[in-house]
Every structure is written in C-alpha cells, then in structure tokens.
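One structure below.
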Amino acid sequence: MQLKYVATTCPFCGTGCGLNLIISDGGVVGVAPYHRSPIGTGKLCMRGLHAAKAVGKYRIEAPTVGGLPTDWKKALTEALKLKNYSGEDLAVYTSSRLTNEANYCIMRFAKEILKAGTIGTLISGRVARGNVRINDLKKADVALVFDDCMKRFPLTGNKLFYMQQNGGKILYCGEESYTAIQADAKCIEDADGKLVISDEFKNILKEAKNPVVIYSTTGKYAELAEETAKSCNAKTAVLYDTNNGRGAAEIGFIPSLDTLKATEKVPKAMLIFAETPMFMDDIYEELGEKLSKVELLVVVASNASSLTDIANVVLPVTSFAESEGSYTNWEGRVQKVSAALTAPEGQKSPCEIIAELSGKAISYKDTAAIFADIKANIPAFKDVSYEQVQKADGAFIEVI
Amino acid sequence: MSAKGDMFYAWTTSSDIKGECGGAVTSFLQHALANKMVDAVLAVRRGADLYDAKLELITDPAEIPKAAGSLHCGTLLSAKMVKKYMNGANDLKIAVPVKGCDAMAFYELAKRTQINLDNVILIGLNCGGTVSPITARDMIADKYEVDPDSVFKEEIDKGQFIIDYNDADGKHQHKGIAIDKLEEGPEGYGRRMNCQRCKCKIPRQADLACGNWGVFGEKSGKATFVEVCSEKGAALLDSAVKAHAVEVCAPEPKGLEIRGKVETAMLKLGEKNRTRQFAGLGEGRERLQKMMKLTSRCIGCRACIENCPICYCVECSTAKPHLIDQNRVPPDFMFHLIRFAHIADSCINCGQCQELCPMDIPNALFMHAQQVELEKMFGHKPGYTMELPVLAFAEEANERARLHATGSDMIYENVFGEEK
Ligand code: SF4
Ligand code: SF4
Ligand code: SF4
C-alpha cells in the first residue's frame, strides 16, 4: 500500500487555501490539512475538505463528435472548423477555475489564431482589484462587509475574528445572514430589497485609521461597496468566487455570463473550456436553450454535464488534480497547483489541447516555459518569480 | 533481554543516520521494517520547508533516514489517518513514531475497534509541545526579529524555543526565548493552546518511549533515552540490539534524576496552564454564554468531527435532520451540545478540532475543560489504557432515575461549578 501527501491549492473559492491531497495507490482518497498554507494554516471549509471529490464520477473517457466516441485526430479536425468563423460569430469562453498557464494558452489561441470576437469567462460579476492582503485584514480597525462574505469565503472571513479580538469592529451591509450574526453593527436591506448605508457607518469608516471594505465581484452590492470605499477612503478586499477568477481577469478574460444571458444574438460558433467541480452549480443548465442554437459548439471538459450533452465536439481534458501550474487568489497571490495524479489514458491537459489545435504554434516545453511567457506578456505578472511561486508562500502579482 | 520498565541509553550504529541525539528512533523504525516486523512505517517527513510536516507511508528501509525525527511544527495527528485511509491497520503491520496525543488517539480508536493495535508498533517521542507553522513564522519574524526563511533548525530545550539561522552576512546565529515569555503575550505565540495544557509528556502508552531528556554525561547529545513500555517494545529493542542496529548502555543515575525533574516540571506547567486557560472561560452561566457566543461562528463544516480521534460513528447525530436543521448556518447550539455529550468523557486534548476549525472556535478548550471535570467525577482517564469510556457503562434507566432524583436537568453534576 502507498500513502503520501501532495500539497496543492483548493479548487473552489478565490481565497486560495492550501491543502494536501492524500494519494493512495494511484488515486486521491482524501484531503489532509496543509498547516503550512499562509492563508488557511491547515483550516479548510466544507468545500476544501472534500476537494478529493471535486472530480466527479462522470469522467469523459474519449473525444466525441456528434455525441459519438471517436479518436483525437477526428475530433480535433472537427473542432478546427471553428476557424471557419471569426469576429462576432465566434466566442471563446474559458473557465476561471483553470490554471493561469492553461488560461494563458487559451487566450493566445483565441486571440492569435481564432481571432474570436468574444473572449471571456462564463461567470458573472465585474473585474476589480483590491488593495489589501488577506492577513492584513487581521490588523484593520474597521471592516465593512457586504453580501455574507464571511460565510461564502470562510477562510477569508475568519481573519475578521482575529481583527475583532484585536479590538476591531465588523460592520455589515446586506440581507440577514451569517455575517450579520458575527457583526458588531449592521444595516439590513429592507423588505423591498433596498439598502441604505447609514451615515454612522460612513463616519466610522472615515474616522478609522485602517478601514477596509470587503465585497465579492459577484455580490449584489459590489458597486455600492466600491463607491463607499472610495468616498470613505477605505482599502478594499475584492473577493472572487472561483479559485482563479483574479488570474483569469489579469490575463484578460472578461466575465461574460450576464452578457450572454441577456443577448439575443448568440455567436454561431463557440469554444468552451468547462470546469465545474462537484458541489458547484451547473451554470450551463440555464444556458442550455441558448447554446443548443449554436452551429458549432466545441466543449473541452473533464466531466459529463448538460453542456457536453449538447456539444458538437467534446474533448476530454485533465482534471484539477492532474494539472500543474498556478492559481491567483483574490489578493493576487500566485500559488502552486500540483499534479497529484497522472491523467487517465486518452486525456490531454488544456495546454496540450491548445498545442494540438494550434498545430504546435502555441506549444511549450513545460509549465515553467509558459510562466516565463506570461511574465513577459501580462503586465501584472512582470515581477513574479516562478521559483517563488513554487514555495509555500507563493508570490504576489504587483506590489501594493 | 529487556523487559517493561527497563531504561537505556541507545544510539545507532549506522553512519547513514544523522540523528541529533543518537538516532535510535530512526534505527528502531528501520530495523523493524528491514526485518519484516512491520510492512511499513508511517513517518513524518519534511515538506515544503522546515515548517511543513507531512505524513508518508514508507516501505523501503533505505528511505527511513530521510524522514524527520521530530519537527516542532508537526501538529498533525496520525491515528485518525490510520483509521481513515489505512483500514485501521487491520491488514497491514506498521510502525509509527508518536507524540503523546498521537499515542492517546491510537488507544481511543483502538478501544472503539477502529484501529488494530496488535498490528501497530508505537515508538513514543517525548514531546514538550508543538508550534503551528504559521504561528512559528510570525513569531520568529516578530519576537526574534529574524527572517523565518533563514532558519535551518528549531528546537525546544530547557524551557526555550530555540532557532539556528544564518544572518544577513551568512553567519550562523543561535537565539532562544523562554517559552512562557512567548506564551504570556496577547499574540497567541508559542505552543498550541492544547500543548500548553498537555500532561502526556513521555508517552508510556507506546511500546518504547524515547527522547533526549536524561541523557547525561559522556553520552550527552549522542544517545537517545529509551524506556521500554511493553513486551512488543522489549522485543523490538532486543532484536535491534542483537542485530547491532543500535547499541545500548545503562543510563547514568544523574540522568534518571534529570529526566524525572524535566517531566515533573512539564507536568506542573501543564497544570498551571490548565488552571489559567480554564479560568479564562469563567464559570457556570458565564462559561455557557461564552461557549454559545463563540460557537455561533460555526459554519457546520464538520472539520472538528472529521479530525477528532474520538468521533468514528458512521451516522453522526449532528447530521440527523430531526436533531439539527442541516440548512441553518450557524447550526443550532445543539450541534455542539451533541458533541459535548458524546465525546467529552474521552477527549484526549489533541487540539485538532480547534486548530482545524475554519472559524477559529476554541473547541478543544471547551471539550477539554469538560473532560477534566468528568475525570474528577468518574475517574476515567482517556488515552492511557484500553478501559472503555464512561458512557459505555451508563445504564440509561439508572441514569434517568439518578437524574430525576437530583431534581435538576443536568446529566452530570453541576459541571460548571455554579452555586445552586
Ligand atoms: S475558503 Fe475557499 S479556498 Fe478555502 S477551503 Fe473553502 S473553498 Fe477552499
Ligand atoms: S474533542 Fe477535540 S481535542 Fe478532544 S479528542 Fe476530539 S479533536 Fe481532540
Ligand atoms: S470545525 Fe468549527 S466551523 Fe466546522 S463544524 Fe466544527 S465547530 Fe463548526
């Protein structure tokens, strides 16, 4: 029997807790605390605790065309018909759960080769950057929290307990919620769903030495939070729902779910990289009707879902436990993701798929080489050292 | 031939083993594996850096010297891993180096038939306490004013937490600060809170109890103090001596005395810390209110249950919808009451439920405070013998009658010591 730990980063929210996958005889059997994580110190919420099950049971074993299993060669040829479309007829959507390296390759392919009119991620919300580090939240004297962030991002939220212990105060704005229970004072939205931030809150923020406003990019009150922070001169912690939402945004992917939901003019061809770990909502279900009108829908996914059911071409891809690279958490910390397992036969990593689709035009010898290219081309990453990313503390994009 | 109760100085004969104090533990593990006394060794290995400890199952004897003897930042608990991922050692013989809390956890899981101790050799390691990695790093930066990445060795000795590091000029430096100094501050530095309260310093529940306390005279720094605690331990020691894997000699009388003094001092400190920490909880109603307030941070993630060496029920009461509304966050206080009622008699103060609680609820402090009271009342001491827990003996009818007769609704006597 074999049993060992492989340290990696949680595939769920943008907090970026480190965890150990327990590997036994070739499979991931569980999760053990990774006490050395600078973010979680070994603690995990229910999602992280079950990261071993993030890879669902319905792995796609072989590429399919028109719903029928086929070989890679045929499937790739079929997928390359995407080239028959361009501009606004063609959209490339990635997943903000994939690594920075995978997303960088996908971005290059979408821009340089497909010249797609729309390049985004299928998440809602906005792109915003905070200017405070997670552990500095402990040192704030006032935190104004929106949208039940303490529950949605437990290991970000717990820093506020340290803050409270140091004498800091939690103010809360939003619906009745878990965070409301933890708060020292709260403004609750009224029955019509209207929220007014009290002047008292604003004054407390203005008078505080070290105030911070905490909100999520998909929060109902993201805009209000942003304005309040600005007008009260507070720092911001902007939280991302997905493990690499910040990374995908830095690479240039725009959250496009809301636009796609609203539009009548659906692009004729689409390439979608889907990654929906277990316990997360299947965002594609409500898009089903819209997407079934697409002439050519190419889906790259590790697990069968409502999306792969309607795709013209499905390319099976490695899962999070089989990919190496990095994620960027909400604070801009780039952390290592380890390949704990070797991919099942017949599965390729996102970067390998891009290499094949691009006829080796976008192809790298290893993850370090992709990272070097990211560093050279994506401004936010220009000072990040690959060596530092490999270490337990990770490395920060742009110094605050 | 050695026997239970015998004590030795022991040291390795292998030049591959660079043990700090004789390397006997590494030799015992390697010997047990090489001679097929066990199929594997569940060892602690250094992960990302000095601060990171991870478990690994080793089957190749040549790999054993690479495992760390002790990492003071290794706060993990091995017993639950054996239960969860190694089928409770039912079909695999293993040797495991254990701290006091690990040893106690092995016993508690064994008495619940979750681990087969017949297949396990426990090599006890004296433990003065462990420091969580990130706490250690913050403390080194703040109190020692040293870059945590420049530290290459840490130890707990003579009441101090000591680091060896390279300064800016690359010169080797050595710095120690008294542990009680570190722990008295408001920052929460020093050992984990449960380690501060721990009174299992020399784990004699193990088959051999090993450490450097009491190694005196010419063997100082070159041998491990070994106390034989079971027949299994005696057999391993004898076999290792016979194969010349280790050499032994009788301990110095002065060494025995020193070891006794170190242990007594540690136990006293543990008792002092219990008094201080439990007093911080207040008494009676105040304590209950404090517990209710802090547990209202709970998100119901069940990390406390998953990691507790006492919890093993397949159907946990806290997961039953008729007892606890599974959708409410924070869950009702009953969630915590169920845990208290079910396991407080057996809590071994391993600290896992606190260290791994995402919402930083001092669960272990709450549970341990109750265990100590229950021990006073029922005389049951968890973690040291195979004696079954208090609740295993409770007769429901009798308990109800007794409860009725007290005229109060307290299951036990007034645990909170509040005036009636
Ligand atoms: S807080 Fe986020 S990153 Fe941490 S364990 Fe939970 S889901 Fe994973
Ligand atoms: S209740 Fe907590 S401290 Fe006690 S044995 Fe369980 S995990 Fe350890
Ligand atoms: S670990 Fe903490 S938050 Fe999770 S269920 Fe236990 S007490 Fe609640």
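Separation between the B:SER150 and B:CYS313 pseudo-spin-labels, each 7 Å from Cα along Cα→Cβ, expressed in nm?
Label at B:SER150, label at B:CYS313, 5.3 nm between them.
For segment B:27-125, what does the alpha-carbon gyration tensor say about shape, rounded, prolate or oblate, given a ≥ b ≥ c as the root eigenvalues, a/c under 1.5 as rounded, and a/b over b/c as prolate?
It is oblate, given that a/c is not under 1.5 and a/b is not larger than b/c.
Where does each of A:93-104, A:176-187, B:196-207 land if you order them by average Cβ count within 10 Å, highest first?
Ranked by mean Cβ neighbours within 10 Å, highest first: A:93-104, B:196-207, A:176-187.
I'd like the GluC sites (Glu not before Pro) in segment B:263-332 restricted to DSSP loop residues with at most 14 other Cβ atoms within 10 Å, sorted by number.
B:GLU283, B:GLU315
Any idea how far the Cα center of segment B:346-375 sits from the one of segment B:107-160, in Å?
18
For segment B:118-154, which residues drop by 20 square angstrom or more in accessible area between the chain on its own and all protein chains together (1.4 Å probe)?
Buried on complex formation: B:PRO133, B:ILE134, B:ARG137.
Determine which residues of segment A:314-351 fall in the zone a paramagnetic label at A:ALA62 would reach in this model, i.e. backbone nitrogen under 12 Å from the point 7 Å along Cα→Cβ.
A:346
Taking each residue in B:327-335, count the Cβ atoms of any other chain within 10 Å of its Cβ, then average. What number comes out?
1
Counting every Cα pair in segment A:4-54, what percent are over 19 Å apart?
Tail of the P(r) past 19 Å holds 14 percent of the pairs.
Measure nothing but the geometry: give the 0 to 90° angle between the long axis through the Cα atoms of B:284-295 and the longest principal axis through the Cα atoms of chain B, rounded to 10°.
70
List the lysines whose Cα sits under 22 Å from the Cα of A:LYS169, skipping any in the same chain fewer than 8 residues away.
A:LYS138, A:LYS139, A:LYS151, A:LYS159, A:LYS186, A:LYS202, A:LYS206, A:LYS209, A:LYS230, A:LYS235, B:LYS290, B:LYS293
Taking the convex hull of the alpha carbon atoms in chain B, what volume per residue do you get, in Å³?
158
What fraction of the DSSP beta bridges in chain B is antiparallel, stated in percent and rounded to the nearest 5?
75
So if the hydrodynamic radius of the protein assembly as shown is defined as the Kirkwood radius over C-alpha pairs, what does Stokes-Einstein give as its diffusion coefficient at 10 °C and 1.306 mPa s, in µm² per second?
55
Please label the shape of segment A:134-239 as rounded, prolate or oblate, based on the square roots a ≥ b ≥ c of the eigenvalues of the alpha-carbon gyration tensor (a/c under 1.5 means rounded; beyond that, a/b larger than b/c means prolate, else oblate).
Rounded.
Apply 1/(1 + (r/R0)^6) to the Cβ-Cβ distance of B:LYS4 and B:ASP325, taking R0 = 56 Å, and write down the FRET efficiency to the nearest 0.05.
Efficiency, rounded to the nearest 0.05: 0.60.
Which whole number gives the average count of other chain Cβ atoms within 10 Å of the Cβ atoms across peptide A:2-11?
Partner Cβ neighbours, averaged per residue: 4.
Per residue, how much accessible area does segment B:281-406 show when a 1.4 Å probe rolls over the protein heavy atoms, in square angstrom?
48
Measuring with a 1.4 Å probe in the full set of protein chains, what accessible area per residue, in whole Å², belongs to segment B:133-190?
For segment B:133-190, the solvent-accessible area averages 54 Å² per residue.
May I ask you to give the solvent-accessible area per residue for segment A:264-359, in square angstrom, as obtained with a 1.4 angstrom probe?
37
Report the accessible area of A:THR9, computed with a 1.4 Å probe over the heavy atoms of all protein chains in place, in Å² rounded to the nearest 10.
Looks like 10 Å² after rounding.
Starting from the coordinates of the alpha-carbon atoms of segment B:281-406, obtain the Kirkwood hydrodynamic radius over all distinct pairs and give the value in Å to one decimal.
It is 15.6 Å.
Could you run the numbers on buried accessible area between B and A, total for both chains, 1.4 angstrom probe, in Å² to the nearest 100?
What B and A bury together is about 3000 Å².
At 222 nm, what value in deg cm²/dmol follows for chain B if DSSP H runs of at least 4 each add -39500 (n - 2.57) and the sum is divided by all its residues, to the nearest 500?
Taken over chain B, the calculation gives -11000 deg cm²/dmol.
How large a share of the accessible area of chain A, in percent, is made up of carbon and sulfur atoms when the probe is 1.4 Å and the other protein chains stay in place?
Its accessible area is 49 percent carbon and sulfur atoms.
Out of A:ALA54, A:ALA248, A:ALA369, any idea which swings most in a Gaussian network model of chain A, alpha carbons joined below 10 Å?
Fluctuation is largest for A:ALA369.
Heavy atoms only, probe 1.4 angstrom, no DNA, RNA or ligands counted: give me B:ARG285, A:ARG129, B:ARG302 ranked by accessible area, highest first.
I get B:ARG285, A:ARG129, B:ARG302, largest accessible area first.
Please build a GNM for chain A, connecting alpha carbons under 10 Å apart, and tell me which residue among A:LEU296, A:LEU260, A:LEU137 fluctuates the most.
Between A:LEU296, A:LEU260, A:LEU137, it is A:LEU260 that shows the largest mean-square fluctuation.
Given B:LYS4/B:LYS111; A:LYS360/A:LYS382; A:LYS391/B:LYS93; A:LYS336/B:LYS84; A:LYS74/A:LYS365; A:LYS73/A:LYS365, which pairs have Cα atoms separated by over 29 Å?
Exceeds cut-off: A:LYS391/B:LYS93.
Describe numerically, in nm with one decimal, the distance between label points set 7 Å from Cα along Cα→Cβ at B:GLU218 and at B:ASP169.
Calculated label separation equals 3.9 nm.
Calculate the mean, over all residues of peptide A:29-41, of how many other protein chain Cβ atoms lie within 10 angstrom of the residue's Cβ.
6
Once you sort the root eigenvalues of the Cα gyration tensor of segment A:1-100 as a ≥ b ≥ c, which label holds: rounded (a/c under 1.5), prolate (a/b larger than b/c) or oblate (the other case)?
oblate
Rounded to the nearest 0.05, what FRET efficiency is calculated for B:GLU286 and A:LYS4 with R0 set to 51 Å and r the Cβ-Cβ distance?
Given R0 = 51 Å and the Cβ-Cβ separation, E is 0.65.
Quick one, can you get me the convex hull of the C-alpha atoms of segment B:133-190 expressed as volume per residue in Å³?
In segment B:133-190, the Cα hull volume divided by residue count equals 67 Å³.
Given a Förster radius of 22 Å and the C-beta distance between A:THR342 and B:ASP91 as r, what FRET efficiency does 1/(1 + (r/R0)^6) yield to the nearest 0.05?
Calculated transfer efficiency: 0.25.
Take B:ALA250 and A:GLN390, extend 7 Å from each Cα along the Cα→Cβ direction, and tell me the distance between the two endpoints in nm.
5.4
Per residue of chain A, what 222 nm ellipticity follows from adding -39500 (n - 2.57) for every DSSP H run with n ≥ 4, rounded to the nearest 500?
-6500 deg cm²/dmol
Restricting to lysine pairs 8 or more places apart or on different chains, what number in segment B:133-190 have Cα atoms under 16 Å apart?
Lysine pairs meeting the criterion: 6.
Test of understanding: what is the full-extension gain from A:GLU176 to A:GLU285, defined as 0.36 nm times their sequence separation minus their Cα-Cα distance?
Computed gain between A:GLU176 and A:GLU285 is 36.4 nm.
Which whole-number percent gives the relative contact order of segment B:133-190, counting Cα pairs below 8 Å spaced six or more residues apart?
The normalised contact order for segment B:133-190 reaches 28 percent.
Mean-square fluctuation check for chain B, GNM, Cα pairs under 10 Å: which of B:ILE361, B:ILE115, B:ILE338 is largest?
B:ILE338
The values are calculated or read from the model by the stated rules, or taken from the named source; none is laboratory data. Just so it is clear, the model here is predicted, and its values are computed rather than measured. All Cβ positions, glycine included, derive from the backbone under ideal geometry; neighbour counts span all protein chains shown. Ligands, DNA and RNA are stripped out before the accessible areas are found, and what is left, the full protein with its side chains, is counted by its heavy atoms. Shrake-Rupley method; radii C 1.70, N 1.55, O 1.52, S 1.80 Å.
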